[in-house]
Amino acid sequence: MGIVLAAPAPPLRGLLRYQGPPMEEGFMLAFLRRCCAGPSLPFYSPLYGPGASVLAGIFKAFGTSLAAERLFGLVQHAGIVFGVFVGLALGSAGGLRPDVARDVLPPIGLTALAWNGAVALGVWSVWAATRRAEATRRDLLVAGGLAGLALLYRPDLVLALGLGLGAAVWRPTRERVQPLLTGVVVGVSPILFQLFRAGPEDMVRGMFVDPVFHLRPGRSLPVPPSWSELDGWLQKAAGLRTLGWPLPAPTSANQVFLWFFLVPITALFVAAVGIWAVRRDPDSARARALRAAGLFGVGMLTQAMQRPDTAHFAWVSCVPLALVPAAVAELTAGRVGWPAWRRTFAAVAPVAVVVLTLIPHYTVRTYVDLSGQSFGRNVFGYPVHHRGRNFYYGSAEAAAAANALVADLGQRAQPGQRLFVGPVDLRQTPYSDAFFYFLFPDLVPATYFIEMDPGIANAPGSRLSSDVASADWLILSNVWTGWTEPNASRDVGPDEPNEVVRRDFCLVSDYGDKGAGEPWFRLYQRCVPSPP
């Protein structure tokens, strides 16, 4: 327990000051203001249920700040860690000493994403249903309630919860299923509040139709990943930061390829060992917990396969990879004459090999790098600040340009005016610097597309043109110009939004020099009266 408690300490200061993902963390900081403002301010939020609005309560209690958001993200990650380690790994490992490997590394920092909260609640749900040899009605009510709350964060976790809790109540009877379903209904019932505030059409479109049918073409990556090169644009950008590693290891692209296969292998291994252990000893709560947790991990595989990159792999591996030691311990439990140290070594060795030699660039090396940043070594994150609010950018030059823009806009803009943030060429919308909305809380976001996805924001007939036309100020970014991925993100949409910019807005200034005569950012002010 001491090891688990101490592990986050070395990199914590580095994580709190680390560069943030401009869109993902930006929309977590900006969404809450809109979701609590009523149905007159709808916004695009794919697959995000109202559970993520818990962060609004954190902001209400401690103030809206990057530190509050990241510390809440730390709590969510801790929920996964302790749910797996305390609730599942120790219970499944039986006599194994509690120094089995445990590795949850936030792939995009401490961003308080809804997926992390959902997985934490899901893990605790599985533990509540399997912590006794025979679950009581109260256990099942709690398990169902936690599962409902997890679905409130991320509805797409339904398959993982269905498999995990289905295994927990194997051979279901009315006495088992009824309290479980009652808990689920109670836990997910607050979604009715979102249904009332947003309306069924906006909720279904934003949470299900757009992400399921429209999002994938512009975000999918090759399956399996390429062996010799990185497919994801953000991974390529992250690769510009060079870090050494003392042990022999494959290239970064090779590691992504290998990790793609490791994710299902570990999930299926844990589930298979759990199923075998239950057949060997049907009355073992330990075996039932391992089976349920393993199938929960199998159910999460869709998250890894929908976009095979390191972030999605980490979001899934955090459960099955961490439970490999428990599964190995279950396999070696009957080895007569094996001392405890040998069983411990056999359990830990597979995970140690994986994180030290097969995928170290995205696990141990990242941990060492962030720990060094906590003590001022090779710090990576440059603040962009405005009136007490700050965000950390990954480029010193872009951060300097953003600070100059923020200073100008802060002097010129009036509270209540409308701000639009998007790419310089609005025919392509692969990403967004949504953190600017957070830096200007007195300005109203002028677009439904705070998160910008290709094939949705720039789709023919989308509301992007009218959103631009409604703005008083435009921040257009060149940071993501040149985005290249082997998917539909390269497709060019209608030029109408750019025509609105040319027709209704005047350039205030360019900021920074990205190269080839292009600035990092451009600030525009409306110079034609807004439409009635």
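The values are calculated or read from the model by the stated rules, or taken from the named source; none is laboratory data. Predicted model only: the values in this text are computed from it and were never measured. Please note: Cβ atoms are built from the backbone with ideal geometry, for glycine as well, and neighbour counts cover all protein chains shown. Heavy atoms of the whole protein, side chains included, go into the accessibility calculation; ligands, DNA and RNA do not. Shrake-Rupley method; radii C 1.70, N 1.55, O 1.52, S 1.80 Å.
A simple count of charges around Pro22, restricted to other residues whose Cβ falls under 12 Å of its Cβ and scoring Lys, Arg +1 and Asp, Glu -1, yields -4. For the listed peptides 292-299, 16-23, 346-353, a ranking on the average number of other beta carbons within 10 Å per residue, highest first, reads 292-299, 16-23, 346-353. The chymotrypsin sites (Phe, Trp or Tyr not before Pro) of segment 374-417 meeting both criteria, a DSSP state outside H, G, I, E and B (loop) and at most 11 other C-beta atoms within 10 angstrom of the site's C-beta, are Phe375.
Looking at the chain, what % of its DSSP beta bridges pair antiparallel, to the nearest 5? Taking every DSSP beta bridge within the chain, about 65 percent pair in antiparallel fashion. In this calculation the C-beta distance from Val185 to Trp338 is compared with R0 = 41 Å, giving a FRET efficiency of 0.30.
Between Trp276 and Glu499, 0.36 nm times their residue separation minus their Cα-Cα distance comes to what?
73.9 nm
As a length-normalised measure over Cα pairs under 8 Å and 6 or more apart, the relative contact order of the chain settles at 19 percent.
Between Leu356 and Ala285, full extension at 0.36 nm per residue minus the direct alpha carbon distance yields a gain of 22.3 nm. Taking the C-alpha atoms only, the angle from helix 66-82 to the longest principal axis of the chain is near 20 degrees.
One entry in (1) 81, 54, 40; (2) 117, 67, 47; (3) 80, 47, 43 is Cα extents along the principal axes in Å calculated from the shown coordinates; its label is (1). The heavy atoms of Glu518 present about 70 square angstrom of accessible area, all protein chains included, probe 1.4 Å. Peptides 488-495, 269-276, 255-262 ranked from most to least packed by the mean count of surrounding Cβ atoms within 10 Å: 269-276, 255-262, 488-495.
Can you compute the charge dipole magnitude of the chain about its Cα centre, using +1 on each Lys and Arg Cβ and -1 on each Asp and Glu Cβ, nothing else charged? Give it in debye, rounded to the nearest 20.
Numbers: 45 positive and 37 negative charges, 381 e Å.
The calculated dipole for the chain is roughly 1820 debye.
When DSSP beta bridges are limited to those with both residues in segment 376-489, what percentage is antiparallel, rounded to the nearest 5? Percent antiparallel among DSSP bridges in segment 376-489 is about 40. Return the carbon/sulfur percentage of the accessible area of the chain, one whole number, probe 1.4 Å, all protein chains in place. Result for the chain: 64 percent of the exposed heavy-atom area is carbon or sulfur.
Fully extending the segment from Val204 to Ser65 would add 47.0 nm, taking 0.36 nm per residue of separation and subtracting the current Cα-Cα distance.
Think of the chain as having a plus end and a minus end, set by charges on the Cβ of Lys, Arg, Asp and Glu; of Gly122, Gly26, His361, Gly122 sits farthest toward the positive end of this dipole. Accessible area per residue for segment 402-532, computed on protein heavy atoms with a 1.4 Å probe, is 38 Å². Relative to the longest principal axis of the Cα atoms of the chain, the long axis of helix 137-153 makes an angle of roughly 30 degrees. In whole angstrom, note down how far apart the Cα centers of segment 359-427 and segment 117-133 are. About 36 Å separates the Cα centre of segment 359-427 from the one of segment 117-133.
What residues from segment 105-149 fall in the zone where the backbone N is under 17 Å from a label point 7 Å along the Cα-to-C-beta line of Trp245? Zone members listed by number: 105-108. Relative to the Cα centre, the charge distribution of segment 306-465, modelled as +1 at Lys and Arg Cβ and -1 at Asp and Glu Cβ, gives a dipole magnitude of about 400 debye. Surface analysis of segment 134-275 yields an accessible area of 52 Å² per residue, using protein heavy atoms and a 1.4 Å probe.
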